[in-house]
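What follows is a short report on a single structure.
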Amino acid sequence: MVDKKTPSGGPEDTADRSKPDSHLPPSGKASSGKPGVTQQDNPPQEKDAGSVVNLRNSKESDDADIDDHDGVTFEVVEGEELEGGKKIRRKGVYLLPNLFTTGALFSGFYAIVAAMNGVYEHAASAIFVAMILDGLDGRVARMTNTQSEFGEQYDSLSDCISFGVAPALVCYSWSLSTLGKFGWMIAFVYAACAALRLARFNVQIDTADKRYFTGLPSPAAAGVVAGIVWFGTNQQVDVADSTISFLVAAFTAFSAVMMVSNVKYNSFKQLDFKGRVPFIAILAVVLVLAVISTYPSGMLLAIFLIYALSGPLLSFWRKKPAKV
C-alpha cells in the first residue's frame with residue numbers, strides 16, 4: 001500500500017503552522033545563539049563592530065606613527081587645514097624661509113654680544129641686518145608657497161629677540177646704564193612693549209586693516225633705537241653726559257609707547273612691486289641707496305625717526321576739524 005500524505009494545505013499542516021516552533025523565536029527568525037538577536041540582525045552588527053575596530057586600529061596606528069618614538073627624537077608635527085575642513089598631520093619644517101628667520105635671530109643675538117664687548121657700531125648694524133632678513137622670510141615663504149604655522153610662531157619669537165631684547169640691551173649698554181635704575185627700567189619697558197606689540201599683532205592679524213599697522217612696528221622701533229646708538233657712536237657723543245642719556249631715554253620710551261598705541265602707521269602693502277613702473281623709479285631707488293651708503297647711520301636714523309613721527313602727526317591731522 002502507498003502511504004497517503006497529507007496535502008500541504010491540509011489540517012495537519014495547518015495545525016503544525018499554528019504551533020510555534022520551539023527552535024525559532026516568536027518572530028520566525030533563526031536565533032544567533034544570543035538572546036534577542038536574530039541571524040538577520042546579526043551580520044550588520046558584526047559588520048559595524050568590525051568597522052569600529054578597524055577605524056580604532058587605524059587611528060591607533062596613525063597615533064603610533066607620530067607619538068610613539070624610541071629614545072630621544074627631534075621632530076615637529078603640525079596640523080594643516082585642507083579643503084573640506086579636514087586636518088592632516090605633517091612632519092618636518094620648511095627649510096628656506098626658516099633659514100632667513102634663523103639668520104635674523106642670529107643677527108639679534110650677535111648685536112647683544114657685540115654690545116657686551118663694547119662694539120656698538122657692529123651691534124647697531126646687526127639689528128639693521130636682522131630687519132632685512134626678517135623682511136625676506138615672509139616674502140620667500142609666500143613666493144615658494146611654504147607658509148606654515150611653525151614659521152609664523154618662529155618668526156614672532158625671533159622678532160621679539162631681534163627687535164625687542166637686542167635693541168633694549170644695546171641701548172642700555174651704550175647710554176642708559178649711566179642713569180642707574182631708571183635706565184634699566186626704560187630698557188625693560190621697551191622690551192616688554194615689543195613683546196606686547198607682537199602678541200597683539202598675532203591675535204589681530206585676521207581682522208586688522210592690511211593698509212595700516214596698529215602701533216609702530218617693532219622693526220621700525222628697533223630702527224629708531226639702533227639708529228641713535230649707531231649715529232651717536234659715529235659722532236662720538238659723550239654718553240656720560242646726563243642730558244644725552246635722558247634724551248636717549250626719551251626716544252626709547254617714545255618708541256616703546258608707540259608700539260603699544262593704537263596709532264595707525266602706513267604698511268605700504270598696497271604698493272605693487274610686481275607690476276611695471278616708470279624707468280625713473282629705478283633711478284630714484286638707486287639714488288636713495290647711494291645717499292644711504294654715503295652716511296648710513298644718519299640716513300637710517302632720519303628715515304626711521306620720520307616714520308615713527310608720521311603716525312601721531314597724521315593721526316592729529318585727520319582729527320583736525322575742517323574749516324567751514
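Please treat every number below as a calculation from the coordinates, not as lab data. These numbers were taken from a predicted model, which means no experiment stands behind them. In this analysis, Cβ positions are derived from the backbone assuming ideal geometry, glycine residues included, and neighbour counts consider all displayed protein chains.
At a glance:
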quantity	calculated
Non-local Lys pairs in the stretch 95-319, i.e. 8 or more apart or on different chains, that have alpha carbons under 23 Å apart	5
Estimated distance in nm for a label pair at residue 121 and residue 192, the labels positioned 7 Å out from Cα along Cα-to-Cβ	3.6 nm
Exposure proxy ranking, count of Cβ atoms within 10 Å, fewest first, for 120, 295, 110	295, 110, 120
Residue-by-residue Karplus 3J(HN,Hα) for the stretch 234-240, coefficients 6.51, -1.76, 1.60, Hz, glycine and proline x	5, 8, 6, 5, 7, 6, 6
Kirkwood Rh in Å, taken over all unlike Cα pairs in the stretch 177-273	14.7 Å
Long-range HN-HN contacts of residue 263 with modeled amide H, under 5 Å	215
Three semi-axes of the equivalent ellipsoid, the stretch 95-319, Cα gyration tensor, whole Å, largest first	27, 20, 19
Ranking of 171, 193, 160 by count of other Cβ atoms within 10 Å, fewest first	160, 193, 171
Long-range HN-HN contacts of residue 237 with modeled amide H, under 5 Å	none
FRET efficiency estimate (nearest 0.05) - Cβ-Cβ, residue 299 to residue 262, R0 30 angstrom	0.55
Rounded FRET efficiency, nearest 0.05, which uses the C-beta distance separating residue 210 from residue 283 and R0 of 22 Å	0.15
Other-chain or far-sequence residues with amide H under 5 Å of residue 212's (modelled H)	267
